[in-house]
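Structure record follows, encoded as structure tokens.
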Amino acid sequence: MTMQQLIVGAAFAGAGALVVSGVALAQQPKFDFGKREYTSNCAACHGVTGKGDGPYNEYLKKTPSDLTVLAKANKGVFPYQNTYEIIDGRKAVAAHGPRDMPIWGNDYSVMAAGHYLEVPYDPEAFVRNRIMALIDYIGRLQAK
């Protein structure tokens, strides 16, 4: 076998490995970052389905909101900005009274600081990405 034949054979073998690994990757389940955030941070109070029936409810003063009807309560339009501000929680709204829900904007900022110890980062981008992932998932929970 000549050197040229070996090189061509190796190239075909490499291409075949790429195709096989590409097929294997395509068959892996899609990762849902928003669902992971929701399950980790919201489901304990709002419930797995978002209806406000989480296992922590017996410890809360007030039943958490049913997140599946946010659009319905807003004339069929999902309230992105309002939902963002509620999740972020760093902007106090006096008319809403005391806040029972965690201030996720602060929690995510602290998380970012621990995650990016030795590299420059924008903590607001970290917070925004987490909250937008949550909002995307909550938007998908809306009742049809």
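The values are calculated or read from the model by the stated rules, or taken from the named source; none is laboratory data. What you see is a predicted model; the values in this text were computed from it and never measured. When we count neighbours, we look across all protein chains shown, and the Cβ atoms used for this are built from the backbone with ideal geometry, even at glycine.
Among the acidic types (Asp, Glu), closer than 24 Å to Arg128 by Cα and part of a helix (DSSP H, G or I), is that true of Glu37? Yes. None of Lys35, Lys62, Lys30 is basic (Lys, Arg) and at pLDDT 95 or above except Lys35.
Candidates in the range 96-123 are the residues that are under 21 Å from Asp66 (Cβ atoms) and assigned to a helix (DSSP H, G or I); of these, the one that is modelled with the highest pLDDT is Trp104. Summed over the range 46-73, residues that are touching a residue at least 12 places away in the same chain (Cβ under 8 Å), over 20 Å from the mean Cα position of the chain (by Cα) and not in a loop (DSSP other than H, G, I, E, B) total 2. Against the numbered list (1) at pLDDT 75 or above; (2) among the aromatic types (Phe, Trp, Tyr); (3) within 21 Å of Leu60 (Cα to Cα), Phe126 comes up short only at (3). Here Val77 qualifies as surrounded by fewer than 16 Cβ atoms within 10 Å (Cβ to Cβ), among the β-branched types (Val, Ile, Thr) and either modelled with pLDDT of 90 or more or within 22 Å of the chain's Cα centre (by Cα) (or both).
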